[in-house]
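The values are calculated or read from the model by the stated rules, or taken from the named source; none is laboratory data. Nothing here was measured: the structure is a model prediction, and the numbers come from that model. Cβ sites come from the backbone with ideal geometry, for glycine too, and all protein chains shown count toward neighbours.
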DNA sequence: CTAGGGTGTTACCGGTCTGTAACTTTCAGA
DNA sequence: TCTGAAAGTTACAGACCGGTAACACCCTAG
């Protein structure tokens, strides 16, 4: 009713999906477990039967989000089978869609900003997942025949990361509006070397 | 004693400085007013005599931080009077020093991530101050004789913003390690156009 | 010396937070 | 139809949060 989540799924799935959404919109420290369970159409006890703690829920949410994101890479391969350069351009395109569709940035980066305790269980997960994403982008650049693949991948990563956080500071009309142009001319200049 | 702030200054100044430091290290929602006043060697009542609310304190902290940052620009002009291109390289150098000295990124960007309420008083301040910084960098690029000054400035902004948030996710050995190389080759390529 | 503003101290308010206990209801499968 | 696990309900514990009231203290300007 007040709920955007498919009503008849298992409570654990509803909690996970609702928590992802609410953490994303309001920040991790900006939403309590009561609010999550209420929005998920269940209650706190059920949450704690499925998750050890809020921290555990956070970790599971990050893993779920990363898992969704990794499915996007399969789309690239499906749409441009074998054509790695086209897949790289598709990456840029997809990134720009993310920017225009959603102004709250990357859940993992946001979590890293919010969870300042150096030993927070989510921090190792964030690092692990971000490094996996980096590896994918490096491999894509390399397979697209670009010489300095690592450098291009890292530059594109920083540009996107910067665009997603810049949107949260100054909005979509700020520097992030030029993301596609920046990324494409970067790729062109790396290809020309 | 447990306190890094100069002991004998006015309580208001101590609170402001301590709050900046603690907000930076632990995040805005990660530190309470009690902890701030205790670290500042004073008490909560004194804080509320000088600041209307925690939100007001947050805003003043952001303004103070931005004011410190703007003094850096004076250094550029002092060290390389009239030589705008040298000042731009000094900006890159200074940015990389920020990256190696501190892994908690930009206070304004972090605040934008944490304070998700769209009508939070800090949000307009963040936008305002970030836009002012952007204007400065655009002017510097233009005065350095670069044609597409806005595009270079925005690209450098996104790179730095991305580097500062990337450090918080994957650490200093991640993509942000290449920031100087990226920035310098960007400047070179814009100058060659 | 004295008046008064800035500061410190203590206690408190109402609210929210994570997490738990004890109990009841629902519902699917044997 | 019976059983047993999953889920819902209510209440609560203990801590912390932002913010305020009332009062005692100091210390400097006059």
request  = Confirm whether residue B:79 is within 24 Å of residue B:101 (Cα to Cα) and within 14 Å of chain A (Cβ to nearest Cβ).
outcome  = no
inquiry  = Checking the conditions here, which among A:159, A:99 is closer than 27 Å to residue A:21 by Cβ and touching a residue at least 60 places away in the same chain (Cβ under 8 Å)?
reply    = A:99
message = Residues to consider are B:152, B:115, B:62; find the one that is within 16 Å of DNA strand C (Cβ to nearest atom), within 14 Å of chain A (Cβ to nearest Cβ), touching a helix residue (DSSP H, G or I) at 6+ places or on another chain (Cβ under 7 Å) and touching a residue at least 12 places away in the same chain (Cβ under 8 Å).
response = B:115
Matching option when the condition is touching a helix residue (DSSP H, G or I) at 6+ places or on another chain (Cβ under 6 Å) and farther than 24 Å from residue B:177 by Cβ, among B:43, B:110 = B:43
request  = Restrict the check to region A:130-145 and report whether at least one residue is surrounded by 18 or more Cβ atoms within 10 Å (Cβ to Cβ), under 21 Å from residue B:189 (Cβ atoms) and facing chain B (nearest Cβ under 7 Å).
outcome  = no
task = May I ask you to verify whether residue A:38 is within 16 Å of DNA strand D (Cβ to nearest atom), more than 14 Å from chain B (Cβ to nearest Cβ) and without any contact (Cβ under 8 Å) to a residue 24 or more places away in the chain?
result = yes
query = Considering region B:22-35 alone, what residues qualify as being loosely packed, with under 15 Cβ neighbours inside 10 Å and near DNA strand D (Cβ under 9 Å from one of its atoms)?
reply = B:32, B:34, B:35
remark   = Conditions (1) within 14 Å of another protein chain (Cβ to nearest Cβ); (2) more than 13 Å from the chain's Cα centre (by Cα) -> residue B:89 fails only (1)
message = Looking only at region A:157-170, how many residues end up being within 22 Å of residue B:119 (Cβ to Cβ) and within 7 Å of chain B (Cβ to nearest Cβ)?
response = 5
ask   = For residue A:69, all conditions in the list (1) in contact with a helix residue (DSSP H, G or I) (Cβ under 7 Å, 6 or more places away or on another chain); (2) more than 29 Å from residue B:22 (Cβ to Cβ) hold save one; what is the number of the exception?
value = (1)
remark   = The helices (runs of 4 or more DSSP H) lying wholly within region A:73-181 that contain at least 1 residues that are on the phi > 0 side of the Ramachandran plot are none
request  = Mind telling me which of the residues A:114, A:17, A:97 ends up being in the same structural domain as residue A:146 (by TED's automatic domain parsing), within 16 Å of DNA strand D (Cβ to nearest atom) and under 16 Å from the mean Cα position of the chain (by Cα)?
outcome  = A:114
remark   = A careful count of residues in region A:21-35 that are within 8 Å of DNA strand C (Cβ to nearest atom), outside any helix (DSSP H, G or I) and in contact (Cβ under 8 Å) with a residue 24 or more places away in the chain gives 1
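Look at region A:36-47 and say how many of its residues are within 11 Å of DNA strand C (Cβ to nearest atom), more than 23 Å from residue A:109 (Cβ to Cβ) and surrounded by 19 or more Cβ atoms within 10 Å (Cβ to Cβ).
Counting residues in region A:36-47 that are within 11 Å of DNA strand C (Cβ to nearest atom), more than 23 Å from residue A:109 (Cβ to Cβ) and surrounded by 19 or more Cβ atoms within 10 Å (Cβ to Cβ) gives 2.
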